[in-house]
1. Test of understanding: among 223, 210, which residue is surrounded by 19 or more Cβ atoms within 10 Å (Cβ to Cβ), modelled with pLDDT of 95 or more and closer than 18 Å to residue 103 by Cβ?
2. Answer yes if at least one residue in the stretch 270-279 is within 18 Å of residue 10 (Cα to Cα) and surrounded by 11 or more Cβ atoms within 10 Å (Cβ to Cβ), and no otherwise.
3. Contact list please: Cβ distance under 8 Å, first residue in the stretch 215-228 and at positive phi, second residue surrounded by 15 or more Cβ atoms within 10 Å (Cβ to Cβ) and assigned to a helix (DSSP H, G or I), pairs at least six apart or on different chains.
4. Go through (1) under 24 Å from residue 286 (Cα atoms); (2) part of a loop (DSSP other than H, G, I, E, B); (3) at pLDDT below 95 and name the single condition residue 19 misses.
5. Which count do you get for residues in the stretch 14-23 that are surrounded by fewer than 17 Cβ atoms within 10 Å (Cβ to Cβ) and free of Cβ contacts under 8 Å to residues at least 60 places away in the same chain?
6. Quick one: which residue in 232, 186 is at pLDDT 95 or above and not assigned by TED's automatic domain parsing to the domain that holds residue 117?
7. Regarding residue 294, is this residue within 27 Å of residue 102 (Cα to Cα), assigned by TED's automatic domain parsing to the domain that holds residue 82 and surrounded by 13 or more Cβ atoms within 10 Å (Cβ to Cβ)?
8. Taking the stretch 54-81, which residues are in a loop (DSSP other than H, G, I, E, B), at pLDDT 95 or above and farther than 21 Å from residue 20 by Cα?
């Protein structure tokens, strides 16, 4: 299956990056290469570092962008940005883009197990070399652990009940597939609640996927690390697809813009200066035209910031 991904907020992301033709840019979540393609087209003597934890994405984009010889392909997690740049002997970069959503390919490739609409083994790993799978979470976590994951990462009000039903089902079967899990979730959620809102399994699948891939773990540190490696006037642009990620991005940007730890209303004595200036006081969201072309963009939010000085 071809690795296809409709890049969300593509024009807006490129505009906020403010690309210089001789700059060094990082696409930390290369996916289907939509953003990378637009970045590299704008470079002359510059370089693009294309990172993804999914080797399928790296291989597909390497083929897609084979005409360009100024791209470094890295199979790794963007959270290791400092180590990645150290290996490449790169001190600073001029822009970093993160598109934190699951790619269309990952959703549509049934065997990856991300979709609650297609029957597949319970997997959900973005990096197929990782050990933890959705199967492990569903079949090995305690009822309390399952409830915590579903409640915290899925913001699912029926979390306790869903966890209870999963554990009850495990007494009779091994839950091996996505549609087995969907049936259990539907049974757990009262019929009246299932008739309203999104698919009843959406929040639980999101929660398990986040747990499997540790999507929120260390995200705030990763954003801080990324601002550390930006040149003065360098940009960081982040697209999120659920409120938990967006909250982390928003709060981390705020802390970087106002790092002062002194008590309010008292003169600053900590000496901590703003590291970035936030460019998006409110998140940028897709317009109606984009939503019509790509309904999966409906929950996307883009936030951007610019580095105020070059740190040592």
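1. Exactly one of 223, 210 is surrounded by 19 or more Cβ atoms within 10 Å (Cβ to Cβ), modelled with pLDDT of 95 or more and closer than 18 Å to residue 103 by Cβ, namely 210.
2. Residues of the stretch 270-279 within 18 Å of residue 10 (Cα to Cα): 279.
Next, only the ones that are surrounded by 11 or more Cβ atoms within 10 Å (Cβ to Cβ) stay: 279.
Yes: the stretch 270-279 contains one or more residues that are within 18 Å of residue 10 (Cα to Cα) and surrounded by 11 or more Cβ atoms within 10 Å (Cβ to Cβ).
3. Partner pairs satisfying both residue conditions: 218/79.
4. Condition (3) is where residue 19 drops out.
5. 3
6. Working: 186 fails: not assigned by TED's automatic domain parsing to the domain that holds residue 117.
Answer to the selection: 232.
7. For residue 294, the condition - within 27 Å of residue 102 (Cα to Cα), assigned by TED's automatic domain parsing to the domain that holds residue 82 and surrounded by 13 or more Cβ atoms within 10 Å (Cβ to Cβ) - is met.
8. The answer is 66, 76, 77.
The values are calculated or read from the model by the stated rules, or taken from the named source; none is laboratory data. Quick caveat, the model's predicted, so the values are computed rather than measured. Because the Cβ atoms are built from the backbone with ideal geometry, glycine has one as well, and the counts that use them run over all protein chains shown.
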